[in-house]
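J.: Got a structure for you, written out below as structure tokens; questions coming shortly.
No value in this document is a laboratory result; all are computed from the given coordinates. The shown structure was predicted, so the numbers you read here are calculated from the model rather than taken from an experiment. Backbone-built Cβ (ideal geometry, glycine too); neighbour counts: all protein chains shown.
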Amino acid sequence: MSFRELSSKFPGNWEGSIEICCEPKLDNIKNTLNFIDQNPKVWAAFGVHPHYSDNYTDEVESHLLEAMKHPKTVAWGEMGLDYHYEYSPRDAQKAVFERQLKCAVKCSKPLVIHIREAEEDAIRIMQKLVPASYPIHVHCFTSPTQYAEELLKCWSNLYIGFTGVITFAKQLEKTVSSVPLNRILLETDAPFMTPLPHRGEVCHSGYIPLIAKKVADIKGLSLDSVYLKTRKNTTKVYQI
């Protein structure tokens, strides 16, 4: 499905999206840069997902650094650790995570962090390399609540991203409840993590209202208040 077809499903008040390019393929970086040039309401983040740590090279890093110079590049990521699948060895993941964090901080770009079943190692590495006031988006959060609380405590400008998973994973309701609204971001992880009642379909930004409603229901807040605050959070962390 083309972006034009997908965007026709977005709500009328859609103001923009952030495209995450996280495979170490040079054509992907080039294509994403072209895409954001052609679409005024789309920005981008570039990095290498932990699944592809084995493919992180000096050449890939040089292209990422070059992509950071684009005026619509708003973050470095997603990057991090994923011990669930371990498509790349843990040592490689940790080394590449450290390397990317150093680059991102040097470039003063916000971080998009992926953590899955690797919370303690990820937090330890981040504490070593990332200043306490640095802007961070912990993407597609599915970890136990205690780690959300620890992350929020360690970094004053860190935000927890919730996707459509919260509409069907009951264990995340406690986490959503515990994270203050002023530290929450709404996201889709498109084309994955489609919220109920659309599981099995391609996910896209048009499903953000379903995620927002779930947050509002869990917290006992109005939908408008969730929209307003999470929009403010997004513009703050990404400076857009």
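J.: Once amide H atoms are placed 1.01 Å from N in the peptide plane, what residues at a sequence separation of 5 or more from Ala75, or on another chain, have their amide H within under 5 Å of its amide H?
T.: Answer set, sorted by chain and number: Phe46.
J.: Taking the Cβ of Glu98 as the center, what net charge do the other residues with Cβ under 13 Å away carry, scoring Lys and Arg +1 and Asp and Glu -1?
T.: +4
J.: Which value at 222 nm does the chain reach when only helices count, each DSSP H run of 4 or more adding -39,500 (n - 2.57), with the total divided by all residues and rounded to the nearest 500 deg cm²/dmol?
T.: That comes out to -13000 deg cm²/dmol.
J.: Calculated FRET efficiency, Gln171 and His198, Cβ-Cβ r, R0 22 Å, to nearest 0.05?
T.: 0.60
J.: Here's another thing I want to ask about it. Normalise the Debye intensity by I(0) for region 131-240, one equal point scatterer per Cα, no solvent, then take log10 at q = 0.18 Å⁻¹ and round to two decimals.
T.: -0.85
J.: Follow-up. Determine, from the Cβ-Cβ distance of Asp58 and Phe35 and an R0 of 25 Å, the FRET efficiency 1/(1 + (r/R0)^6), rounded to the nearest 0.05.
T.: Using R0 = 25 Å, I get an efficiency of 0.50.
J.: Ranked highest first by the average count of other Cβ atoms within 10 Å around their residues, in what order do 76-86, 145-155 fall?
T.: Output ranking for 76-86, 145-155: 76-86, 145-155.
J.: Separate question: In µm²/s, what is D for the chain at 37 °C and 0.692 mPa s, where D = kT/(6 pi eta Rh) by Stokes-Einstein and Rh is the Kirkwood radius from Cα pairs?
T.: Reported coefficient: 182 µm²/s.
J.: Another question, then. So, R0 is 35 Å and r is the distance between the beta-carbons of Phe3 and Ala95; what FRET efficiency does that work out to, to 0.05? Could you put the intermediate results ahead of the total?
T.: Working: r = 35 Å, r/R0 = 0.99.
The value I calculate is 0.50.
J.: Please compute the length gained on full extension between Asn13 and Gln239, using 0.36 nm multiplied by the number of residues separating them and subtracting their Cα-Cα distance.
T.: That works out to 79.4 nm of additional length.
J.: Just rank His70, His114, fewest to most, by other beta-carbon atoms within 10 angstrom.
T.: Starting with the residue having the fewest Cβ neighbours, the order is His70, His114.
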